[in-house]
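The values are calculated or read from the model by the stated rules, or taken from the named source; none is laboratory data. Please read all numbers here as calculations on a predicted model, not as lab measurements. Methodologically, a virtual Cβ is constructed for each residue, glycine included, from the backbone with ideal geometry; neighbour enumeration extends over all protein chains shown.
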């Protein structure tokens, strides 16, 4: 494996100290009835307990979410209190890139010497749809603007175009074949169910029993509710919503949380059940493409990342993509000369849903676990965000440093 100088040489992700909830589709689970920030803090507390990580080892908490939640003003300090710890920290929000940005910021916190062990906690509940009233003092009415979260999801204010329109425009620009896009979606679904049957996901995903404010059971979250089993024939018969975009080749909104730790090399070795496994962030890159061409942005970010690191796609043991549209993966395959059949071998957000904040965190956890099973190697993680932004990062999973 090619050895590179990491941008964060002193920061590590302790193997096995991570976890994620299942991601039930929006309004289909008890998560629709809870305060998601409180749930996330309590859920991280349970994850750390299951992983046998003393929570008093944490000295900082970085949270990430995209949808306003009750008590959001307090952000990380409140989530830490729900976890049972009084920690300082801050909140990050960058649309679909939030989960990866939070990890990179935690690595920078460790690398800078400010903290020894940083918790990363990402969460969102798309089942909620809060409305904000914004003062507009330039107007004759003081409260003029009403902003609904789902309105923001629906279109890019910079262009006025919907995300589906961006996927269709990108498919036309890159001259994609509808059949290949259908096949890419089918591939992701098949790989997800194969992985589910193998028991791999049970090592990463944690079931949770939820209670209401009176302490009565609300229900149990123990599956990615909303995932279907498409067939090639069924996908072919679906109506196009835009070029190469159907209900079977795009993701769905979901609820959930995911968490992991970032620590110094020394701390990581004492926190991990397998201290010989060394995981570090090598580099991260972001870019922005032309308006309403979001699905091609991850490809551009990866090209920038590879140019910066000197790596090539042949150096990647695992490739994971946040693919709200199957169009994303087919464009990536054309642009990088990399077969989409080699990507997302344990499934992806196209299949199990998109709660925004924790999406890339769960993808990263899956990718790192897959690389460990392969004996190590480089893990490439990519995704799109906020209309026309692309983000990518490469991690190295190796032996003891």
Subject >> Leading residue by the ranking (farthest from the chain's Cα centre (by Cα)) among those in region 296-318 that are outside any helix (DSSP H, G or I) and surrounded by fewer than 24 Cβ atoms within 10 Å (Cβ to Cβ) >> reply: 310
Subject >> Close pairs (9 angstrom Cβ cut-off, 6 or more residues apart or separate chains): without any contact (Cβ under 8 Å) to a residue 60 or more places away in the chain in region 20-36, in a loop (DSSP other than H, G, I, E, B) anywhere >> reply: 35/69; 35/70; 35/71
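Take residue 209 and tell me if it is closer than 13 Å to residue 347 by Cα and either surrounded by 14 or more Cβ atoms within 10 Å (Cβ to Cβ) or in contact with a strand residue (DSSP E or B) (Cβ under 7 Å, 6 or more places away or on another chain) (or both).
On the way: closer than 13 Å to residue 347 by Cα: no; either surrounded by 14 or more Cβ atoms within 10 Å (Cβ to Cβ) or in contact with a strand residue (DSSP E or B) (Cβ under 7 Å, 6 or more places away or on another chain) (or both): yes.
It is false that residue 209 is closer than 13 Å to residue 347 by Cα and either surrounded by 14 or more Cβ atoms within 10 Å (Cβ to Cβ) or in contact with a strand residue (DSSP E or B) (Cβ under 7 Å, 6 or more places away or on another chain) (or both).
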Subject >> Which listed residue is surrounded by 12 or more Cβ atoms within 10 Å (Cβ to Cβ) and out of contact with any helix residue (DSSP H, G or I) (no Cβ under 7 Å at 6 or more places or on another chain), from 258, 253 >> reply: 253
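Here is a list: 346, 359. Which entry is buried (at least 23 other Cβ atoms within 10 Å of the Cβ), in contact (Cβ under 8 Å) with a residue 24 or more places away in the chain and more than 21 Å from residue 92 (Cα to Cα)? Please lay out each step first, then the result.
Numbers: 359 fails: more than 21 Å from residue 92 (Cα to Cα).
That would be 346, the only listed residue that is buried (at least 23 other Cβ atoms within 10 Å of the Cβ), in contact (Cβ under 8 Å) with a residue 24 or more places away in the chain and more than 21 Å from residue 92 (Cα to Cα).
Across region 134-158, which residue is farthest from residue 324 (Cα to Cα) among those that are modelled with pLDDT of 70 or more and exposed (fewer than 11 other Cβ atoms within 10 Å of the Cβ)? Walk me through how you get there before you give the answer.
First pass over region 134-158, keeping only residues modelled with pLDDT of 70 or more: 134-135, 147-158.
When the remaining residues are screened for being exposed (fewer than 11 other Cβ atoms within 10 Å of the Cβ), the result is 134, 157.
Working: 134: 30, 157: 19 Å.
For region 134-158, the residue satisfying everything is 134.
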**OP:** Scan region 234-293 for residues that are in a loop (DSSP other than H, G, I, E, B), farther than 21 Å from residue 354 by Cβ and without any contact (Cβ under 8 Å) to a residue 60 or more places away in the chain and report the count.
**Re:** 1
**OP:** Would you please name the residue that is surrounded by the fewest Cβ atoms within 10 Å (Cβ to Cβ), looking only at residues in region 49-68 that are closer than 23 Å to residue 360 by Cβ and without any contact (Cβ under 8 Å) to a residue 60 or more places away in the chain?
**Re:** 60
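This table checks each residue for (1) at pLDDT below 95; (2) touching a strand residue (DSSP E or B) at 6+ places or on another chain (Cβ under 7 Å); (3) farther than 17 Å from residue 190 by Cα.
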{"residue": "272", "(1), (2), (3)": "no, no, yes"}
{"residue": "296", "(1), (2), (3)": "no, no, yes"}
{"residue": "305", "(1), (2), (3)": "no, yes, yes"}
{"residue": "308", "(1), (2), (3)": "yes, yes, yes"}
{"residue": "313", "(1), (2), (3)": "no, no, yes"}
{"residue": "321", "(1), (2), (3)": "no, yes, no"}
{"residue": "336", "(1), (2), (3)": "no, no, yes"}
{"residue": "350", "(1), (2), (3)": "no, no, no"}
Original post:
Which of the residues spanning region 224-233 are within 30 Å of residue 30 (Cβ to Cβ) and touching a helix residue (DSSP H, G or I) at 6+ places or on another chain (Cβ under 9 Å)?
Top reply: 224, 226, 227, 228, 229, 230
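On the given criteria, is residue 193 surrounded by fewer than 19 Cβ atoms within 10 Å (Cβ to Cβ), touching a helix residue (DSSP H, G or I) at 6+ places or on another chain (Cβ under 8 Å) and at pLDDT 95 or above?
Details: surrounded by fewer than 19 Cβ atoms within 10 Å (Cβ to Cβ): yes; touching a helix residue (DSSP H, G or I) at 6+ places or on another chain (Cβ under 8 Å): no; at pLDDT 95 or above: yes.
Considered against the rule, which asks whether it is surrounded by fewer than 19 Cβ atoms within 10 Å (Cβ to Cβ), touching a helix residue (DSSP H, G or I) at 6+ places or on another chain (Cβ under 8 Å) and at pLDDT 95 or above, residue 193 comes out as no.
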